Amino acid sequence: MINFDGIYFFRLDDKGCLFDAMRFFEDGKVVYVGLNLEKPYKNMSRLAKTIEPWFNREYVNSGGYSIQENKITFTIYFERGMIIDYEGVLHDDKLLLRWRENVNANFKIMEEEYFFVQF
């Protein structure tokens, strides 16, 4: 089951400064925010509370998701025209996602593990 009361994070660097972050809403909307922090964040719960206002319903990098059993699929439409398709599996407080980016007809497929942090 997907969690709605927090944010799913993927750490992009080992310094704790770059993250992908997603929030899922009960009505089927998902919002994506890329974070480039000036300093490492060790308290992820505090970070989730700090950035919660960024994940509003009108945020431009967003899309819709669907869940069947423990499988999730969604697409994020980005402000600059990029589209990324995600598919994955829900495991407790983790999302194991595979995503495909299509930029100028060049496909890139990645697999990542997102961890959930409650507000």
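The values are calculated or read from the model by the stated rules, or taken from the named source; none is laboratory data. Everything quoted here is computed from the prediction, not taken from an experiment. Cβ atoms come from the backbone with ideal geometry, glycine included; neighbour counts cover every protein chain shown.
Table: residues versus (1) over 22 Å from PHE74 (Cβ atoms); (2) not aliphatic (A, V, I, L, M).
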{"position": "MET1", "(1), (2)": "no, no"}
{"position": "PHE10", "(1), (2)": "no, yes"}
{"position": "LYS15", "(1), (2)": "yes, yes"}
{"position": "ASP20", "(1), (2)": "no, yes"}
{"position": "GLU26", "(1), (2)": "no, yes"}
{"position": "VAL33", "(1), (2)": "no, no"}
{"position": "ASN43", "(1), (2)": "yes, yes"}
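Residues that are among the hydrophobic types (A, V, I, L, M, F, W, C) and farther than 15 Å from GLU113 by Cα number at least 3 in the following strands (runs of 3 or more DSSP E) confined to region 1-100: 29-36. If you check LYS39, LYS49, LYS29, LYS71 for being in contact (Cβ under 8 Å) with a residue 40 or more places away in the chain and among the charged types (D, E, K, R), only one passes: LYS49. Being under 15 Å from ASN3 (Cα atoms) and either surrounded by 10 or more Cβ atoms within 10 Å (Cβ to Cβ) or modelled with pLDDT of 90 or more (or both) holds for only one residue in PHE19, PHE25, and it is PHE25. Considering region 41-60, and only residues there that are surrounded by 10 or more Cβ atoms within 10 Å (Cβ to Cβ) and touching a Gly at 6+ places or on another chain (Cβ under 8 Å), the residue that is modelled with the lowest pLDDT turns out to be TYR41.
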